[in-house]
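This report concerns only the one structure given below.
Read the figures in this text as sums done on the coordinates, not as results from a lab. On a predicted model such as this, the values are computed, not experimentally measured, just so you know. Here Cβ is always computed from backbone atoms with ideal geometry, including for glycine, and neighbour counts include all displayed protein chains.
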């Protein structure tokens with residue numbers, strides 16, 4: 001389960017948010033395939049280290065999705081590097097990676113890095129506003145991004161992000177139709193088992209995040225989608 005190609009369900013934990021030891025134990029022992037540590041703002045070395053050390057008590061992959069260079073620390077099983085494709089700002093496409101390589105290139109194990117081709121589709125989300133993403137995309141746009149990610153960029157992951165709202169399944173189908181080897185991740189608005197099953201019927205991997213902090217029981221129920229697809 002240390003290979004992203006094996007994951008069906010992952011929980012994403014925000015290091016800037018509070019989670020109790022009891023809730024964290026339930027998350028880590030739920031049967032999810034991995035824990036991704038990542039967030040949009042207020043992500044620091046201190047809160048990343050604290051969350052990683054707590055997750056490390058449990059026998060499942062613990063992965064850092066890089067938000068900023070300052071919060072990158074050793075000790076994770078894998079590092080996911082987002083490249084936001086539907087923004088005009090190079091910082092969010094390759095800039096973060098370039099900064100990381102400049103700072104840590106001499107000590108990076110490149111086998112531990114996985115690039116993610118991000119397409120952000122909820123204009124109201126923090127991440128869309130932060131990256132100034134162009135979210136007004138058609139299904140043809142999504143298909144083209146999928147081709148770019150797999151055929152030209154050779155990224156192992158395409159991540160369709162609807163953070164904060166439940167997305168359009170047809171957009172996922174447009175992406176999936178162009179992907180043979182790249183794994184399709186979906187995140188956004190999965191807050192019950194039915195929504196988890198709906199998205200996992202198209203996507204290869206679903207990412208469940210915000211609901212952890214508002215309704216833990218519903219969050220835990222989404223893991224059952226793995227067995228019911």
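Quick notes
- Cβ-derived FRET efficiency at R0 41 Å, residue 68 paired with residue 214, nearest 0.05: 0.95
- Computed label-point distance, nm, for sites residue 19 and residue 57 using a 7 Å Cα→Cβ extension: 1.3 nm
- Extension gain, residue 132 to residue 193: 0.36 nm times the residue separation minus the Cα-Cα distance gives 18.8 nm.
- Stretchable slack from residue 107 to residue 94, in nm (0.36 nm times residue separation minus alpha-carbon distance): 2.8 nm
- Directionally averaged projected area (convex hull, Cα atoms, the chain), nm²: 11.2 nm²
- Pairwise centroid distance, computed over Cα atoms, of region 115-160 with region 68-110, Å: 17 Å
- Relative contact order of region 26-129, defined on C-alpha pairs under 8 angstrom at six or more residues apart (%): 23 percent
- Theoretical ellipticity at 222 nm over the chain - DSSP helices of four or more residues, -39500 (n - 2.57) apiece, nearest 500: -8000 deg cm²/dmol
- Between residue 147 and residue 5, the modelled labels are 2.5 nm apart [label points 7 Å from Cα along Cα→Cβ].
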